[in-house]
């Protein structure tokens, strides 16, 4: 399913690919490919490991602390290769951290807590993440005044959303198969 998501990303970025080197393209695609399955798996692992002893906010904190060494290394790499971020980049990063990292993740974790015993409902909740792509594009158009995506980019967005829904569905089927054994 991750390959379907990757195909959608490639279609979305096709117009820009002419201006990018293979290295830059891979630096954009590989993290998205990893995140497309690492985030739901990390959430499920935290739910299993904590066995309902922590709430959504504590899980957000736990996942943040667990990933902190990676972010510190990535920040150090950026500092050494590019330098300090601009004020605008820092403000944008703060907004993403607040809206996506704190608010959206907390709401998502609350929803997964509500359905943690029902794999079909859990898959449905996880599939709602696919709409993040649409809302991000809409926000960029409205707030940042970017141009509308091309028809090819819209098709890529649809493929990404479809891939995320299918990824959730397939992981649900695998969980059901494991629980039946």
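Restricting 74, 3, 20, 65 to those that are farther than 30 Å from residue 113 by Cβ and either touching a residue at least 12 places away in the same chain (Cβ under 8 Å) or part of a helix (DSSP H, G or I) (or both) reduces the list to 3. In region 26-45, the count of residues that are more than 14 Å from the chain's Cα centre (by Cα), modelled with pLDDT under 80 and more than 27 Å from residue 154 (Cβ to Cβ) is one or more. Annotation note: of 103, 9, the sole residue that is in the same structural domain as residue 148 (by TED's automatic domain parsing) and either in a loop (DSSP other than H, G, I, E, B) or under 22 Å from residue 134 (Cα atoms) (or both) is 9.
Based on this model, can you work out whether residue 58 counts as in contact with a helix residue (DSSP H, G or I) (Cβ under 9 Å, 6 or more places away or on another chain), without any contact (Cβ under 8 Å) to a residue 12 or more places away in the chain and in a helix (DSSP H, G or I)?
On the way: in contact with a helix residue (DSSP H, G or I) (Cβ under 9 Å, 6 or more places away or on another chain): yes; without any contact (Cβ under 8 Å) to a residue 12 or more places away in the chain: yes; in a helix (DSSP H, G or I): yes.
Here the answer is yes, as residue 58 does meet what is asked.
Evaluate the following for residue 60: is it farther than 16 Å from residue 97 by Cα and surrounded by 12 or more Cβ atoms within 10 Å (Cβ to Cβ)? Against the criterion (farther than 16 Å from residue 97 by Cα and surrounded by 12 or more Cβ atoms within 10 Å (Cβ to Cβ)), residue 60 does not qualify.
Here residue 23 fulfils each of the conditions (1) modelled with pLDDT under 80; (2) loosely packed, with under 11 Cβ neighbours inside 10 Å apart from (1).
The values are calculated or read from the model by the stated rules, or taken from the named source; none is laboratory data. Note that the structure is a prediction, hence the values are computed from the model and not measured. Glycine gets a Cβ as well: all are built from the backbone with ideal geometry, and neighbour counts include every protein chain shown.
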